[in-house]
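Presented below is the structure to which this report refers.
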Amino acid sequence: MTQALRHWRRTLCCLLPLAALLAGCDQGEPEKPTPPAKATTYLAVDWSQVPATADEELLNGFAAWRSACTRLAKDPVWSATCAAAAPVPMEAGAVRAFIGANLQPYSLRSAGKGEHGLITGYYEPVYPGHLQRTEQGQVPVYGVPDDLIVVALDEIYPELKGKRLRGRLEGRVLKPYDDAATIRGQGVNAPVLAWLNDPMDLQFLQIQGSGRIQLDDGRQLRIGYADQNGYPYRPVGRWLVEQGLLQMEEVSMGRIREWAVANPGRVDELLASNPSYVFFSTRPDSNEGPRGSLNVPLTAGYSVAIDRKVIPLGSLLWLSTTRPDDGSPVVRPVAAQDTGGAIVGEVRADLFWGTGQEAGELAGNMKQEGRIWMLWPKGMPLPETP
């Protein structure tokens, strides 16, 4: 290995926590230990092993998934299935027949907890704000910075599929971009889309990935995720637990906000525990749901964010979990139409609850156990997992 190549690979290791993925980054070529046997991620099951759902749930979930077929027309896995789904009438019998004939259910499994995993929720919040800086509105909502550089690492290292390196150029050197605390303290070279009244509103807006800003004149400004500063997301609730300020079972968006209101002098410290920072773009206002990573409107109750390393975007899933308010069952097909920095794992999903306060309460309290079946087109090879 040449000295120049060693230097380049060492630089990548320093900029990203990828040392385990870039073998021999800085230690030569050590002998690799034998990896443990991988757990089965996708276990083919018979439809009789998938819990039944009501006709209304079936039709709503199927409609949510089919709404994204325009985005999947050229997808080698889903194009033929989407074409076959187009003429299916919205009748429960016809939809059940189509799904049974065209899709094979796979129970998702994780190495740690088997078939059971964590199902959380998210929503589109509405926060008060202003188009110009005001005495109350001092918290900027930034668009994408002019100096943010994004590099797709898999163009050099195919084993890093989906990995992005973000930073800024200083001379000829690509340096890590500012972390969230630095951006909040020093600002950034980016357009300001709006001004919020409360720094916690911005934090929750970044966690949700999209939202609406209620302006003084009655209009709403809709914004959505545009990019990110390159740092891994770290939940602020985890910091509260580590500091002994909340118990793990207490953590919710409501409790985090209550703590921030009661401890205004420590809010900066709380926010600094999460180095990730999301930049936004404005979106057209409409009665549709916000657009997720697949760039289709999300459907309340039937769209989910997933870990795309396990579940490809556009997939149809079958979800079995419970509501956070009354514990009643939630069994329905859902569409994998979004992703999120905190959504990591084989049996892991974030259910979109809709817009506004009621949806926010459900999303903020949802930490339910659940199971997921991936409904995969028959005859198609399964996704390759890392």
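Being of a type in the set (D, E, K, R) and within 14 Å of LEU351 (Cα to Cα) is the filter; apply it to region 292-327 and report the residue that is modelled with the highest pLDDT.
Per the criteria, the residue is ARG323.
Go through ALA83, ALA64, ALA52 for me and flag whichever is within 24 Å of the chain's Cα centre (by Cα) and modelled with pLDDT of 95 or more. Give the steps one after another, and end with the answer.
Details: ALA83 fails: within 24 Å of the chain's Cα centre (by Cα); ALA52 fails: within 24 Å of the chain's Cα centre (by Cα).
Every option except ALA64 fails the conditions.
Got a sec? Which of SER320, SER293 is in a strand (DSSP E or B), of a type in the set (Ser, Thr, Tyr) and open to solvent by 10 Å² or more (accessible area, probe 1.4 Å)?
SER320
If we scan region 231-239, do we find a residue that is touching a residue at least 40 places away in the same chain (Cβ under 8 Å) and open to solvent by less than 60 Å² (accessible area, probe 1.4 Å)?
yes
Which of the following residues is β-branched (Val, Ile, Thr), over 19 Å from GLN136 (Cβ atoms), open to solvent by 70 Å² or more (accessible area, probe 1.4 Å) and free of Cβ contacts under 8 Å to residues at least 60 places away in the same chain: VAL188, VAL173?
Of the residues listed, the single one that is β-branched (Val, Ile, Thr), over 19 Å from GLN136 (Cβ atoms), open to solvent by 70 Å² or more (accessible area, probe 1.4 Å) and free of Cβ contacts under 8 Å to residues at least 60 places away in the same chain is VAL173.
Specify which of the listed residues (ASP307, ASP268) is open to solvent by less than 20 Å² (accessible area, probe 1.4 Å), within 29 Å of ASP179 (Cα to Cα) and acidic (Asp, Glu). Spell out the reasoning first.
Numbers: ASP268 fails: open to solvent by less than 20 Å² (accessible area, probe 1.4 Å).
On inspection, the qualifying residue turns out to be ASP307.
State the number of residues belonging to region 88-100 that are assigned to a helix (DSSP H, G or I) and touching a residue at least 12 places away in the same chain (Cβ under 8 Å). Outline the logic, then answer.
Residues of region 88-100 that are assigned to a helix (DSSP H, G or I), as a first pass: 92-100.
Pick out the ones that are also touching a residue at least 12 places away in the same chain (Cβ under 8 Å) and you get 92, 95-96, 98-100.
Of the residues in that region, 6 qualify.
Checking ASP216 against (1) among the charged types (D, E, K, R); (2) open to solvent by less than 30 Å² (accessible area, probe 1.4 Å); (3) more than 27 Å from LYS309 (Cβ to Cβ), which test does it fail?
Going through (1) among the charged types (D, E, K, R); (2) open to solvent by less than 30 Å² (accessible area, probe 1.4 Å); (3) more than 27 Å from LYS309 (Cβ to Cβ) one by one, ASP216 breaks only (2).
Of all residues in region 296-317, how many are in contact with an Asp or Glu (Cβ under 8 Å, 6 or more places away or on another chain) and not in a loop (DSSP other than H, G, I, E, B)?
Within region 296-317, residues that are in contact with an Asp or Glu (Cβ under 8 Å, 6 or more places away or on another chain) and not in a loop (DSSP other than H, G, I, E, B) number 4.
Under 6 Å between Cβ atoms, which residue pairs at least 6 apart in sequence (or on different chains) link something in region 242-270 that is touching a residue at least 40 places away in the same chain (Cβ under 8 Å) with a partner that is open to solvent by 60 Å² or more (accessible area, probe 1.4 Å)?
Between residues of region 242-270 that are touching a residue at least 40 places away in the same chain (Cβ under 8 Å) and residues that are open to solvent by 60 Å² or more (accessible area, probe 1.4 Å), the close pairs are SER252/ASN365.
Residue-by-condition table, conditions (1) at pLDDT 95 or above; (2) open to solvent by 10 Å² or more (accessible area, probe 1.4 Å); (3) among the acidic types (Asp, Glu); (4) touching a strand residue (DSSP E or B) at 6+ places or on another chain (Cβ under 8 Å):
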residue	(1), (2), (3), (4)
GLN337	yes, no, no, yes
ARG348	yes, yes, no, yes
PHE352	yes, no, no, yes
GLU358	no, yes, yes, no
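For region 123-150, give me the residue count where each residue is open to solvent by 60 Å² or more (accessible area, probe 1.4 Å), over 25 Å from ASP338 (Cα atoms) and in contact (Cβ under 8 Å) with a residue 12 or more places away in the chain.
7
From (1) open to solvent by 20 Å² or more (accessible area, probe 1.4 Å); (2) touching a residue at least 40 places away in the same chain (Cβ under 8 Å), pick out the condition that doesn't hold for LEU103.
(1)
Across region 109-122, what is the total count of residues that are of a type in the set (A, V, I, L, M, F, W, C) and either open to solvent by 20 Å² or more (accessible area, probe 1.4 Å) or within 21 Å of GLU288 (Cβ to Cβ) (or both)?
Count: 2.
The values are calculated or read from the model by the stated rules, or taken from the named source; none is laboratory data. If you're wondering where the values come from, they're calculated on a predicted model, not measured in any experiment. Neighbour counts run over all protein chains shown; Cβ positions are idealised from the backbone, glycine included. With ligands, DNA and RNA removed, areas are computed over all heavy atoms of the protein, side chains included. Shrake-Rupley method; radii C 1.70, N 1.55, O 1.52, S 1.80 Å.
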